[in-house]
Amino acid sequence: MDTTQIDQVRRFNRTVTERVGVLHDHYLGRGRPVGEARLLWEIGAGEQSHGHDVRELRERLGLDSGYVSRLLRSLEADGLVTVEPQPRDRRVRTVRLTDAGRAERALLDRGSDDLAGSLLQPLNAAQRARLVAAMAEVDRLLTAGTVTLETVDPDHPDARHCLRAYFTELQERFETGFDPALSLLPDAGELRPPLGLFLVARLHGEPVGCAGLKLPPGDGPADVKRMWVAPHVRGLGLGRRFLAELEERAVRDGRSVLRLDTNKALSPAIGLYRSFGFQEVPAFNDEPYAHHWFEKRLSAPTA
C-alpha cells in the first residue's frame, strides 16, 4: 500500500478527531465520553417499544461485549437506560432509554447540530458544498469497507432473507412478473460444497446481499446465480465485490469460464457485467426469464 496514502489517512484522522472533540472526556459538553454519547444516541435511533437487542447494538457499532457492558453500566447508573433480559431468552438483553435518557439524547442532538454548524460556519458557500460532498464520499467509501462477505448454507436465515427480497424485486421489475418455480434457479444443494457455494454480505450485522456459485461436476463452466444487493447499499461496489470473490473461487476450483444469464430489465447489472469483463454469448440454457447470456474467460492464478 502507498505510504503517501497511509500518511494522508492518518492526517485526516487526526484532523477529524480534533475538530469533532472526541479527544475530550466531556463530549459536546455533556460530561460523558464520546463512547457513551454514541451508544446513547444509537439506543434512541428508531426507538422501539420493545427496546434494542444489546448484541445487535454491539454489532452495529463494532464494539466488543466487555466495552459495551461497561458503557451500559455507566448509562444505567446515571438513570438514562434500563437493561433487562428478554422473557423468552434471558441470555438476550434488551436496552431502552428512560425519560431522562430521551431528554439527554435530545440535548446531544442539539449539541451535534451546533458542532456541525461550527465546522461549516467559517467556510464560504462554495467551500461548504465541497466539504459536504467530500464527507458524503468518505462516508460512502468507509461504509463499503465495513461490509463483510461470508460463505453460508443456502438455508441460513440470512440467506433466506436475501432470497425473499431478491424474488420480490424480480416480481416487481420483470415485465411478466417472476415465479421461482418456472426459473432454472439451482436447488439449495447445488450451492453447497462441493457443487457450489453461497455468499451473504452483511453491513453492521444486517444481511444486505447474496450471490451463489454453481460448480457442476467436472471442469466445465462455473455459473453465477442468485446475485442480489439491497437497494439501500447499492453504489458501494458490492456487486463488483461479489463477482471478484466468485471469480476467485471459480479459479481456485480449476474453472476456466464463468457464466451468467440475466433479464433485460436489469440494465444496471448488465452494465456491471460488461465492465467486469463479461462478453455476451449465444444462449447456453433455456432460462425463461433470460434475455442476455454472458461469460468470462478466467486466467489461472499465478504462483
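The values are calculated or read from the model by the stated rules, or taken from the named source; none is laboratory data. It should be emphasised that the depicted structure is a prediction, and the values quoted were computed from it without experimental measurement. Don't worry about glycine lacking a Cβ; one is built from the backbone with ideal geometry, like all the others, and counts go over all protein chains shown. We work out accessible area using only protein heavy atoms, side chains counted, and drop any ligands, DNA or RNA first. Shrake-Rupley method; radii C 1.70, N 1.55, O 1.52, S 1.80 Å.
Quick look at the values:
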| item | result |
| --- | --- |
| Residue list for the range 178-193, restricted to those being among the hydrophobic types (A, V, I, L, M, F, W, C), out of contact with any helix residue (DSSP H, G or I) (no Cβ under 7 Å at 6 or more places or on another chain) and over 15 Å from Leu260 (Cα atoms) | Ala181, Leu182, Ala188 |
| Members of the range 108-127 that are assigned to a helix (DSSP H, G or I), surrounded by 10 or more Cβ atoms within 10 Å (Cβ to Cβ) and of a type outside the set (Asp, Glu) | Leu108, Arg110, Gly111, Ser112, Leu115, Ala116, Ser118, Leu119, Leu120, Gln127 |
| Contacts under 9 angstrom Cβ, first residue in the range 255-284 being assigned to a helix (DSSP H, G or I), partner of a type in the set (A, V, I, L, M, F, W, C) and open to solvent by 20 Å² or more (accessible area, probe 1.4 Å), 6 or more apart | Ala269/Met227 |
| Search result, residues across the range 273-298 that are among the aromatic types (Phe, Trp, Tyr) and out of contact with any helix residue (DSSP H, G or I) (no Cβ under 6 Å at 6 or more places or on another chain) | Tyr273, Phe278, Phe284, Tyr289, Trp293 |
| Residue check, Asp158 of a type in the set (D, E, K, R), open to solvent by 50 Å² or more (accessible area, probe 1.4 Å) and within 30 Å of Ala188 (Cα to Cα) | no |
| Output for the range 128-145, where each listed residue is open to solvent by 60 Å² or more (accessible area, probe 1.4 Å), of a type outside the set (A, V, I, L, M) and closer than 24 Å to Val34 by Cβ | Glu137, Asp139, Arg140, Gly145 |
| Output for the range 178-207, where each listed residue is open to solvent by 50 Å² or more (accessible area, probe 1.4 Å), more than 19 Å from Asp219 (Cα to Cα) and in a loop (DSSP other than H, G, I, E, B) | Asp179, Leu184, Asp187, His204 |
| Checking Leu80 against (1) closer than 23 Å to Gly205 by Cα; (2) aliphatic (A, V, I, L, M); (3) in contact with a Gly (Cβ under 7 Å, 6 or more places away or on another chain), the condition it does not meet | (1) |
| Residue match in the range 212-235 (condition: over 18 Å from Phe278 (Cβ atoms), open to solvent by 20 Å² or more (accessible area, probe 1.4 Å), in a strand (DSSP E or B) and out of contact with any strand residue (DSSP E or B) (no Cβ under 9 Å at 6 or more places or on another chain)) | no |
| Selection status of Ala144, within 17 Å of Phe12 (Cβ to Cβ) and in contact (Cβ under 8 Å) with a residue 60 or more places away in the chain | yes |
| Test: Arg14 is assigned to a helix (DSSP H, G or I), under 22 Å from Gln121 (Cα atoms) and either open to solvent by 80 Å² or more (accessible area, probe 1.4 Å) or β-branched (Val, Ile, Thr) (or both) | yes |
| Condition broken by Thr4, with the remaining ones in (1) open to solvent by less than 70 Å² (accessible area, probe 1.4 Å); (2) out of contact with any helix residue (DSSP H, G or I) (no Cβ under 8 Å at 6 or more places or on another chain); (3) of a type in the set (Ser, Thr, Tyr) satisfied | (1) |
| Checklist (1) open to solvent by less than 80 Å² (accessible area, probe 1.4 Å); (2) more than 19 Å from Glu287 (Cα to Cα); (3) under 19 Å from the mean Cα position of the chain (by Cα) applied to Glu169, failing item | (2) |
| Residue that is least open to solvent (accessible area, probe 1.4 Å), among those in the range 64-94 that are farther than 30 Å from Val16 by Cα and in a strand (DSSP E or B) | Thr94 |
